[in-house]
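Asker: Mind looking over this structure? Questions follow.
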Amino acid sequence: MAVWKKLPMGIEQFEEIRRDGYYYVDKTGLIRVLMENGGKANLFTRPRRFGKSLNMSMLRSFFEIGCDGKLFDGLEIAGEKELCEKYMGKYPVISISLKGVEAENWEEARDMIAEVIREEARRFQFLFDSDRLTEIDKEFFSLLLKARMSDQSLKSSLRELSLLLCRHYGQQVIILIDEYDVPLAKANERGYYDRMALLIRNMFEAALKTNDNLHFAVLTGCLRVAKESIFTGLNNFSVFSITDMDFDEYFGFTDSEVKEMLDYYGLKENYGIVKEWYDGYRFGRTQIYCPWDVICYCSKNRNHKNLPPQNYWLNTSGNEMLKHFIEGAAAGTGLRTITRTEIERLVDGAEVQKEIHQELTYPELYASADNIWSALFMTGYLTWRGEPDGNRYRLVIPNREIRNIFTEQILAMFKEKTAKDGTLLNAFCSALAEGRPKEVERLFTSYMEKTVSIRDTFVRKPTKENFYHGMLLGILGFKEGWTVTSNKEAGDGFSDIMIRIDDADIGIIIEVKYADTGAETECRKALRQIDEKGYAKELQKEGIAVVLKYAIVCGRKRCQVLLETTG
């Protein structure tokens, strides 16, 4: 078996990756571009799992006094001799991450932020021995280490710490703040946004505005929160979003980087699958893959090359924003200007042109359809193609993985609604059990008309069938007294759906197909498949005398049903 470098699964510390020999995709060119083009305070907005935290760790490892220059041997930045001589290891660095600030209430959230600051301050306890600091300076520093930091100390904490470090080293400070907007997002969800926004605004204003001890600052986040909300008066602020060409290749993996990685792990022939599933994002002018997905895929498949691709990004966060979006297309509810047709076009691989607002506050996210389109765009559920017309962008779902997340959310919402309509559920199941195919056809068509339908021209027919298969399971799963199995081994193959009805001598087999045209022909093929594969044998072995064999062929908003009966 080949001996490969370890994959950095969940490791976001640059020093650990380089020191312990993990595979590293070189993003150190970011340092050069930052020093050439960056401003006094720089915000990079990218979706989750696109390497923001690792890049921040890399910046700290490069600039911080006492850094290990060998970590950068062989990397792109090492070729910039003058830049390395001038900047490497020359600055005190304050580096904090707010990504873990998730609290149910304001008091807990405030204490969590205080602990983040306190933990960073602990790294600098040598300041107590500094002969460049006065006793008053050291008293201020001790306030940052207290178990219960005062509100005033917390608001001024980053500024005070930068002042103390600058005095000790005689050198301005670099401040790195990773995932600055996570506390804001959580506060908005849990009802204490205004207090959190005020704290963040005060902290940032003190640290980033007219701070003579600051050399420069870098912040990362998912959303570019409006200036009037957080970044009040920061005229020296530079924002680099997913639409900007500056730094476009330094977050996420480029196509050439993915090819090189797949080749290294012996997965060169899997390139097409990886591209279909995890590529498709556009940052500036560069096509980008989600790095978390590619790393997970290589980890799973390097020793088992034929494993199917999976949704990895889905498991890294909730999908409340997407749920709000799809709910907005439900008839008579939510954001009515988001139409089912627009969602169907997206899932089918088509474009939808929308005006994008890149400066929002979290309370505004669901205030209008335009805002939720914007939020989905900035958080990675949608990307863009072509050239924008002012603020109007041609939006698409980036890849197979995100398209699956859309369809899974659509099915989840369908199941919620199905559970609430017991009358339709019982009517549908009665029609199935009583062998009335035309009524089954009518009622299932009624279900289809109430949800977003899937055609998805980008996938093979079996994948389309899976959606309607999921709809049927979503209905049948709520019927009491019915035992429903899916893709259970039966006869010489696997039946789509098999049903046993308690206290009845009846079994049901359903074969689901998809067809744009020729539905009746597909129905007859499905019935032949049930017979040829012997799906009914399993039920007959259990003594079930009557087996109803259904072929259900679905299209966009219609279906056709045929029935054969055994026994």
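Asker: If you go through region 19-33 one residue at a time, do you hit one that is within 21 Å of the chain's Cα centre (by Cα) and either modelled with pLDDT under 95 or more than 19 Å from residue 177 (Cβ to Cβ) (or both)?
Answerer: yes
Asker: Only one of 272, 221, 233 is under 22 Å from the mean Cα position of the chain (by Cα) and within 22 Å of residue 177 (Cα to Cα); which?
Answerer: Among 272, 221, 233, only 221 is under 22 Å from the mean Cα position of the chain (by Cα) and within 22 Å of residue 177 (Cα to Cα).
Asker: Kindly indicate whether any position in region 527-537 is within 16 Å of residue 434 (Cβ to Cβ), of a type in the set (Val, Ile, Thr) and surrounded by 18 or more Cβ atoms within 10 Å (Cβ to Cβ).
Answerer: no
Asker: Scanning region 202-226 for residues that are assigned to a helix (DSSP H, G or I) and in contact with a Ser or Thr (Cβ under 9 Å, 6 or more places away or on another chain), which turns out most open to solvent (accessible area, probe 1.4 Å)?
Answerer: Restricting to residues being assigned to a helix (DSSP H, G or I) and in contact with a Ser or Thr (Cβ under 9 Å, 6 or more places away or on another chain), the top hit is 205.
Asker: Filter region 56-87 down to the residues that are surrounded by fewer than 17 Cβ atoms within 10 Å (Cβ to Cβ), under 26 Å from residue 124 (Cβ atoms) and out of contact with any strand residue (DSSP E or B) (no Cβ under 9 Å at 6 or more places or on another chain) and list them by number.
Answerer: The answer is 66, 68, 69, 70, 85, 86.
Asker: From the residues in region 266-311 that are part of a loop (DSSP other than H, G, I, E, B) and touching a Phe, Trp or Tyr at 6+ places or on another chain (Cβ under 6 Å), which one is nearest to residue 379 (Cα to Cα)?
Answerer: Among residues in region 266-311 that are part of a loop (DSSP other than H, G, I, E, B) and touching a Phe, Trp or Tyr at 6+ places or on another chain (Cβ under 6 Å), the one nearest to residue 379 (Cα to Cα) is 290.
Asker: Another question about this same structure. Give me the pairs, please: first residue somewhere in region 226-248 and within 18 Å of residue 194 (Cα to Cα), second residue anywhere and among the polar types (S, T, N, Q) and surrounded by 16 or more Cβ atoms within 10 Å (Cβ to Cβ), beta-carbon distance under 7 Å, and either six or more positions apart or on two chains.
Answerer: 226/361; 229/361
Asker: Which condition number in (1) surrounded by fewer than 19 Cβ atoms within 10 Å (Cβ to Cβ); (2) at pLDDT 90 or above is the one that residue 475 fails?
Answerer: Checking residue 475 against (1) surrounded by fewer than 19 Cβ atoms within 10 Å (Cβ to Cβ); (2) at pLDDT 90 or above, the one that fails is (1).
Asker: Determine whether region 478-497 contains at least one residue that is in contact (Cβ under 8 Å) with a residue 24 or more places away in the chain, among the β-branched types (Val, Ile, Thr) and surrounded by fewer than 22 Cβ atoms within 10 Å (Cβ to Cβ).
Answerer: Within region 478-497 (the criterion being in contact (Cβ under 8 Å) with a residue 24 or more places away in the chain, among the β-branched types (Val, Ile, Thr) and surrounded by fewer than 22 Cβ atoms within 10 Å (Cβ to Cβ)), the answer is yes, since at least one residue qualifies.
Asker: Something else about it: Could you give me the residue pairs with C-beta distances under 6 Å whose first residue belongs to region 1-22 and is more than 21 Å from residue 49 (Cβ to Cβ), whose second residue is open to solvent by 40 Å² or more (accessible area, probe 1.4 Å) and outside any loop (DSSP other than H, G, I, E, B) wherever it lies, and which are 6+ apart or on separate chains?
Answerer: Nothing qualifies.
Asker: Can you pull out every residue in region 498-526 that is open to solvent by less than 40 Å² (accessible area, probe 1.4 Å) and among the acidic types (Asp, Glu)?
Answerer: 511, 522
Asker: Here is a follow-up. Which one of the conditions (1) over 16 Å from residue 405 (Cα atoms); (2) at pLDDT 95 or above; (3) open to solvent by less than 30 Å² (accessible area, probe 1.4 Å) does residue 383 fail to meet, given that it meets all the rest?
Answerer: Just one mismatch for residue 383, condition (1).
Asker: Further, regarding this structure: Which ranges mark the helices (runs of 4 or more DSSP H) fully within region 360-472 that have 2 or more residues being under 27 Å from the mean Cα position of the chain (by Cα) and free of Cβ contacts under 8 Å to residues at least 60 places away in the same chain?
Answerer: Qualifying helices (runs of 4 or more DSSP H): 369-378, 400-420.
Asker: When you scan region 114-201 for helices (runs of 4 or more DSSP H) that lie fully inside it, which ones turn up with 3 or more residues that are touching a residue at least 40 places away in the same chain (Cβ under 8 Å), small (Gly, Ala, Ser) and open to solvent by 20 Å² or more (accessible area, probe 1.4 Å)?
Answerer: Output list is empty.
The values are calculated or read from the model by the stated rules, or taken from the named source; none is laboratory data. Predicted model only: the values in this text are computed from it and were never measured. Positions of Cβ are backbone-derived with ideal geometry, glycine not excepted, and every protein chain shown enters the neighbour counts. Areas reflect the complete protein model, heavy atoms only, side chains present, ligands, DNA and RNA absent. Shrake-Rupley method; radii C 1.70, N 1.55, O 1.52, S 1.80 Å.
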